[in-house]
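Below: one structure, written as structure tokens.
Here, each number is a calculation from the coordinates, and none is a lab measurement. Computed from a prediction, not measured in an experiment: that's the story for all the values here. Heads up, the Cβs are rebuilt from the backbone with ideal geometry, glycines too, and the neighbour counts pull from every protein chain shown.
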Amino acid sequence: MTTVRDASFDLFREHGMTTIFGNPGSTELPMLAEFPDDFRYVLGLQEAVVVGMADGFAQASGKTTHVNLHTAPGVGNAMGAIFNAQANKSPLLVTAGQQVRAHMTMQANLTNKDATRVPHPFVKWSYEPPRAEDVPAALARGIHMAGLSPTGPVFLSLPMDDWGVEVDDSAVRHTIARRVYGRSGAGPETVRELAERLDAASNPMLVAGPDLDSGGGRDAAVALAEKLRLPVWATPAPGGGRIGFPEGHPNFRGVVPPAIGPASEAFQGHDLVLVAGSSVFPYYPYIPGDPLPDGTALVAITSDPDEAARAPMGDAIVADPKLTLEALVEAVSESARDPLEPGEPPPELEETDPLNPSTVHRTLADVLPEEGIVVLESPSSTLALRNQLRISGSGAYFFGAGGGLGFGLAGSIGVQLAQPDRPVVCVLGEGSAQYAITGLWSAVAYDVPVTFLVLRNSEYAILKWFADIEQALGAPGLDLPALDTAAIAAGYGVPTQKVSGREELRQALADGIGASGPRLVEVGVAPGMSLF
């Protein structure tokens, strides 16, 4: 007879889920005993880092990824990272150990007494199987649900004595063999009506969201923009975890401001705004205004029914953005408008001491290979990096869409493990790095060749900017004068280098990118926000 454990690992094999990220506790050991040789276990020293690594791996591989946590305390440690994974729409199968069933009623030590309620707001499905025999079917359901649009994390609590229980061979064979498919475009009538609106518009524009990158819709977005001569904007940066349109393309115009009033100003003069692969919109901070200018209509295409329902304005089509855009390309007429000219490049900056963050990002642009990937968590210079690099490759940019810190360092390790043939540069503020600093141990332990670029400004610059906007001046805890990330990284065994000038930075990055194993480069930068 087959055990729950045997059936579960066969299920993981069938779905190509042979990399497991985890931080094991006593309640997880029965699952991990006699760990199969054809699986890879990636250890993280803290659960939030474990989920962050799995998040990056899932996004970069496009596959549902298994992350295994300790019972209640481990799940608690991971909650912020699970929140980020939900915002990133990362297909994660999150499992956590649970006490043996005989102990659960008496709430013996390490019992997760209400296991499914804790992660519930941040996952698509949260479940604890009523019987050991139900574990393989529950795991299969979780895998399918995580991978269906809108993709995202699911959670299963699994009692530790379930793994050795025997299950029915015939039942698990059917469970393991199942496949679930879930992409559907808009209906022909809906496509035709939208095509007519686009053809009739005098000055339409496109807002390209992160789901175009994760869902393979970038080529269709480019084809539509070129055929209709559409100016293209990216979804607001705080919620734009990926880049849905090549930002070096002549039609690209910039990033929509992340607040209601300023975003509306960006739509001024456009009678139709087409939003593809994004919510409408991931606003922050709150700056009020009219959601749309007078005379401007909006239509969103999203595979997420919740995004469609909660939007504060405009019409919405619930359908796969890639398939719908491909149908639109065929349905619209070639525009008679002149092709768009490329926008102005960012201005060259004078070298200062310390360097302006924009100069740092321009230097990175000089040395980053065409196939390079950037994972970003430098809140005070996010727009500066986007403006300086003009990233155009598919799967070349990852950013924590939820706004919670900790994704960048951990996620970059997962991205690199999923894309071993592409160089990964993780750009961090020194404050952001601390939220997942133990991830450096994993990078060293598994010889993951990420280049960590740390911008040290000795403050939480983004919070000082928010304090000004929110009229919260005098708030404590916004300075970081004694934080030496390079020294911390060296303690984990990461080769580190501190640099100051542009040429020194250029050389350090050139040496680090593509080197074997992780590298960390720390550069001092001027305080404050950097937008260009």
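I need the shape label for the stretch 188-331. Rule: rounded when a/c is under 1.5, else prolate if a/b > b/c, else oblate, with a, b, c from the alpha carbon gyration tensor. Rounded is the answer for the stretch 188-331, as its axis ratio a/c remains below 1.5. Rounded to the nearest 500, the helix-only mean residue ellipticity at 222 nm of the chain stands at -10500 deg cm²/dmol, with each DSSP H run of n ≥ 4 adding -39,500 (n - 2.57). Each Lys or Arg adds one and each Asp or Glu subtracts one; over the other residues with Cβ under 15 Å from the Cβ of Ser214, this totals -1. Normalised by 2.2 N^0.38 Å, where N is the number of residues, the alpha-carbon radius of gyration of the stretch 411-472 equals 1.40.
Taking amide H as placed 1.01 Å from N in the peptide plane, the amide H of Cys426 sits under 5 Å from that of Val375, Thr451, Phe452, Leu453, each at least 5 places away or on another chain.
Which shape class applies to the stretch 305-358: rounded if a/c is under 1.5, otherwise prolate when a/b exceeds b/c and oblate if not, where a ≥ b ≥ c are the square roots of the Cα gyration tensor eigenvalues? Since a/c reaches 1.5 but b/c is at least a/b, the shape of the stretch 305-358 is classed as oblate. Using the Cα gyration tensor of the stretch 76-209, with a ≥ b ≥ c the square roots of its eigenvalues, what is the shape: rounded (a/c below 1.5), prolate (a/b larger than b/c) or oblate (neither)? Judged from the Cα gyration tensor, the stretch 76-209 comes out oblate (a/c at least 1.5, b/c at or above a/b). Per-peptide packing, taken as the mean over residues of other Cβ atoms within 10 Å, places 385-396, 274-285, 123-134 in the sequence 274-285, 385-396, 123-134 from highest down. Listed by chain and number, the aspartates and glutamates whose C-alpha is less than 16 Å from the C-alpha of Lys227, apart from same-chain residues fewer than 8 away, are Glu196, Asp199, Asp219, Glu326, Glu330, Glu334, Asp338, Glu341. When the GluC sites (Glu not before Pro) in the stretch 356-415 are filtered for DSSP coil states and for at most 12 other beta-carbon atoms within 10 Å of their beta-carbon, the remaining sites are Glu370, Glu371. Label positions at Glu344 and Ala200, each projected 7 Å from the Cα along the C-beta direction, are separated by 3.7 nm. For the peptides 507-517, 405-415, the ranking by mean Cβ contacts within 10 Å, running from highest to lowest, is 405-415, 507-517. Would you list which lysines come within 19 Å of Lys63, measuring only between C-alpha atoms, while excluding same-chain residues fewer than 8 positions from it? Within the straight-line limit of under 19 Å, Lys63 reaches these lysines: Lys89, Lys124, Lys322.
Taking one quarter of the surface of the C-alpha convex hull of the stretch 357-524 gives a mean projected area of 9.3 nm². Annotation: extensible slack from Arg173 through Leu478 equals 104.2 nm (criterion: 0.36 nm per residue apart, minus Cα-Cα distance).
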